Amino acid sequence: MQTGELLHEIRKHTDWIYATEFSPDGKQLATADRSGGLFVWEADTAREVQNLRGHTTAVFDVDWRPDSGLLASAGEDGTVKLWDINEGKALKSWAAHAGGAFCVRFAHDSRLVSCGRDNTVKTWAADGAAQKSFPAFTEPALRCTFTHDGAGVVAGDWLGNVTLWTAADAKEVRTFAANPPTLDMRLQAAKSDMTAKQTAAQAAAKELETAKKVATDKQKALAAATETQTALATSVTALAKVKDAMAEAKSAAEAVAAAKNTADTAVEKLTKENAEAQAKLAASEQANKAAATAFEAAKKTLAQAQADQKTFAEMPAMLSTAAAEASKRLAALNEELAKVQAAAEAAEAEQKLFTQAYGATSTAPAAAAAQITASAK
């Protein structure tokens, strides 16, 4: 490397050479070709160490384990093989990718990652046991490797897409640009992006002011709506009270109407009773007049009888038959007088009862009826 001098030239291969790689300790060189040839050479002398036969078609990639004790190869036959250099034979071989395995790489802990024509990237344990299969590319996956710490896997496909995943759970971390821009291009892009973001920030500031104004207006409108709602609630409460008052007034009116009907019925009854009392009074007055007339007639008859008795007394000589008849007549007159006096006393008592019930005049029932009507109103 210091002088550029050609030290050795190997002409063993008879077809295109797809892979060459020195062992980590620098002592050996592995090479592979399109016809399935896979050789290990002594680095200092270019002397052939091993001719590793196993792949039947092209061998696309080789990689040494970090301790230089094991060689991995990936071939178009779709297999990944692990080679024992001392024995010159494959220790492990497994089908990794349908259509061909293009790349295989070791991690520091001897895990492996491979990719191939089936567009997929896969990781394997040190003994070849499958671990993770990563989301497939849209085209064949050509190259793959672990990150320096073994925590991530990076791979690229035929279209130039490069993706980084986490090795533990196959989650995509990011996608890289296959042809990254120069620093000047990135600086200009950053300036343009900053200008655009400043413009956007200014526009956002204006929109924020507008939004604040709109929010303030909406808050005012909300406050006004709240006041209106409060007033409406008060109006509703007042309306409910008015409805209650109307209902109470209606009930009171119905009660007054019922009381008026009752009063009208009472007035009608009192009027009827008054008419009956007036009729009874008139009948009593007539009976009283008749009794008085009879009493006067009885008095006259008594006086006449007394006169006749006196005359008969003064005429002792008169016939005894006439005296006896006169005595009978006087007794009958006395009995009739007693009846007349009893009738008069009954009429007088009835007059007193009527006066006590209806007052001094016959207009008392009408006055009572008027008073009841006024009370009802």
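The values are calculated or read from the model by the stated rules, or taken from the named source; none is laboratory data. All figures in this text were calculated on a predicted structure; none of them were measured in a lab. Cβ atoms come from the backbone with ideal geometry, glycine included; neighbour counts cover every protein chain shown.
Looking at region 166-179, which of its residues are hydrophobic (A, V, I, L, M, F, W, C) and either free of Cβ contacts under 8 Å to residues at least 40 places away in the same chain or loosely packed, with under 10 Cβ neighbours inside 10 Å (or both)? Those that are hydrophobic (A, V, I, L, M, F, W, C) and either free of Cβ contacts under 8 Å to residues at least 40 places away in the same chain or loosely packed, with under 10 Cβ neighbours inside 10 Å (or both): 168, 170, 173, 176, 177, 178. Scan region 126-142 residue by residue and report those that are over 26 Å from residue 160 (Cα atoms), in contact (Cβ under 8 Å) with a residue 24 or more places away in the chain and either surrounded by 15 or more Cβ atoms within 10 Å (Cβ to Cβ) or within 49 Å of the chain's Cα centre (by Cα) (or both). Correct list: 128 only.
Hey, any hits in region 6-23 for a residue that's loosely packed, with under 14 Cβ neighbours inside 10 Å and among the small types (Gly, Ala, Ser)? No, there is no match, as no residue in region 6-23 is loosely packed, with under 14 Cβ neighbours inside 10 Å and among the small types (Gly, Ala, Ser). A Cβ distance below 7 Å, combined with a sequence gap of six or more or placement on separate chains, defines the contacts here; from region 301-313, residues that are of a type in the set (D, E, K, R) reach residues that are surrounded by 11 or more Cβ atoms within 10 Å (Cβ to Cβ) in the pairs 308/326. Within region 24-56, the set of residues being among the polar types (S, T, N, Q) and surrounded by 14 or more Cβ atoms within 10 Å (Cβ to Cβ) comprises 28, 31, 35, 50.
Considering region 93-122, and only residues there that are touching a Cys at 6+ places or on another chain (Cβ under 9 Å) and under 15 Å from residue 63 (Cα atoms), the residue that is surrounded by the fewest Cβ atoms within 10 Å (Cβ to Cβ) turns out to be 105.
Residues of region 171-189 that are modelled with pLDDT under 95 and either under 14 Å from residue 121 (Cβ atoms) or assigned to a loop (DSSP other than H, G, I, E, B) (or both): 175, 177, 178, 179, 180, 181, 182. Check region 60-81 and report whether any residue there is basic (Lys, Arg), in the same structural domain as residue 117 (by TED's automatic domain parsing) and in a strand (DSSP E or B). So far as region 60-81 goes, yes, one or more of its residues are basic (Lys, Arg), in the same structural domain as residue 117 (by TED's automatic domain parsing) and in a strand (DSSP E or B).
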